[in-house]
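Here the structure comes first, spelled out in structure tokens, and everything after it is commentary.
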Amino acid sequence: TQLLEQSPQFLSIQEGENLTVYCNSSSVFSSLQWYRQEPGEGPVLLVTVVTGGEVKKLKRLTFQFGDARKDSSLHITAAQPGDTGLYLCAGARAGGTSYGKLTFGQGTILTVHP
Amino acid sequence: DAGVIQSPRHEVTEMGQEVTLRCKPISGHNSLFWYRQTMMRGLELLIYFNNNVPIDDSGMPEDRFSAKMPNASFSTLKIQPSEPRDSAVYFCASNPGLAGELFFGEGSRLTVL
């Protein structure tokens, strides 16, 4: 069962364009993380959102956590070739043996062409 | 500070052979996670440890897979016997507690012929 659905799976855009990646679930998460992964490397954390409705900005990246803590989005403004990579969302459950257990979405492969 | 260290980076083996993947977490991190990544299924959690104790191994595909953490600085993931469908990139990750940011190693790419 895929608990976190990411869309789109693939995104190919030109430098300077804006884009949004979505991460949706029917489950409630105590927190949600976004990671970026480059070829041959492991994922690296970009941001963690914890509060429903929370918005966090990281330079040209804007992350939002849904009010019900079931979904999240990542918006990139004026994309650059250096933004190319695999973007993963990951939700954390709270309580019991699931505490701290992260469930990852399938990922969005972003390619930004010069 | 060194990050999470995994070995080998690449392994090519034949079906039926035993495979052992190794991980050294970041010093001081109490939790260690093994993930498997494929194009079809994405990143799947196989097992995780807290203070060297396995907490949840529900993601381990079958009895051919086993994982150990004999001490705070070392863990192994073993596949015996290996099958072609086990081909994937296996990641080890650690974090200071149970929740929060995961620090991933560079992965071990396994190819089973």
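When restricted to residues that are surrounded by 16 or more Cβ atoms within 10 Å (Cβ to Cβ) and polar (S, T, N, Q), region A:64-80 contains 3.
Please count how many residues of region B:92-113 are over 16 Å from residue B:2 (Cβ atoms), within 11 Å of chain A (Cβ to nearest Cβ) and part of a strand (DSSP E or B). Going through region B:92-113 one residue at a time, the tally reaches 2.
Counting only residues that are assigned to a loop (DSSP other than H, G, I, E, B) and either surrounded by 20 or more Cβ atoms within 10 Å (Cβ to Cβ) or not β-branched (Val, Ile, Thr) (or both), which one in region B:13-28 is nearest to the other protein chains (Cβ to nearest Cβ)? That would be B:25. Any chance region A:103-110 includes a residue that's facing chain B (nearest Cβ under 10 Å), at pLDDT below 95, out of contact with any helix residue (DSSP H, G or I) (no Cβ under 8 Å at 6 or more places or on another chain) and outside any loop (DSSP other than H, G, I, E, B)? Among the residues of region A:103-110, at least one is facing chain B (nearest Cβ under 10 Å), at pLDDT below 95, out of contact with any helix residue (DSSP H, G or I) (no Cβ under 8 Å at 6 or more places or on another chain) and outside any loop (DSSP other than H, G, I, E, B), which makes the answer yes. Summed over region A:38-49, residues that are outside any strand (DSSP E or B), under 15 Å from the mean Cα position of the chain (by Cα) and more than 10 Å from chain B (Cβ to nearest Cβ) total 1.
Residues of region B:29-66 that are among the acidic types (Asp, Glu) and surrounded by 14 or more Cβ atoms within 10 Å (Cβ to Cβ): B:44, B:56, B:57. Considering region B:29-85, and only residues there that are touching a residue at least 60 places away in the same chain (Cβ under 8 Å) and assigned to a loop (DSSP other than H, G, I, E, B), the residue that is farthest from the other protein chains (Cβ to nearest Cβ) turns out to be B:81.
When restricted to residues that are within 11 Å of chain B (Cβ to nearest Cβ) and buried (at least 19 other Cβ atoms within 10 Å of the Cβ), region A:4-33 contains 4. Of all the numbered requirements in (1) crowded, with 20+ Cβ neighbours inside 10 Å; (2) within 14 Å of chain B (Cβ to nearest Cβ); (3) touching a residue at least 40 places away in the same chain (Cβ under 8 Å), residue A:93 misses one, and that requirement is (1). Considering the conditions (1) closer than 30 Å to residue B:46 by Cβ; (2) of a type in the set (Val, Ile, Thr); (3) more than 10 Å from every other protein chain (Cβ to nearest Cβ), residue A:55 is excluded by exactly one of them, (1). Only one entry of A:48, A:84, A:111 meets the criterion of being without any contact (Cβ under 8 Å) to a residue 60 or more places away in the chain, hydroxyl-bearing (Ser, Thr, Tyr) and over 25 Å from residue B:56 (Cα atoms), and that entry is A:84. Among the residues of region A:17-32, are any closer than 20 Å to residue B:103 by Cα and either part of a strand (DSSP E or B) or modelled with pLDDT of 95 or more (or both)? Within region A:17-32 (the criterion being closer than 20 Å to residue B:103 by Cα and either part of a strand (DSSP E or B) or modelled with pLDDT of 95 or more (or both)), the answer is yes, since at least one residue qualifies. Against the conditions (1) among the charged types (D, E, K, R); (2) more than 11 Å from chain B (Cβ to nearest Cβ); (3) out of contact with any strand residue (DSSP E or B) (no Cβ under 6 Å at 6 or more places or on another chain), residue A:83 satisfies every one except (3).
The values are calculated or read from the model by the stated rules, or taken from the named source; none is laboratory data. Just so you know, these numbers come straight off a predicted model, no measurement behind them. Because the Cβ atoms are built from the backbone with ideal geometry, glycine has one as well, and the counts that use them run over all protein chains shown.
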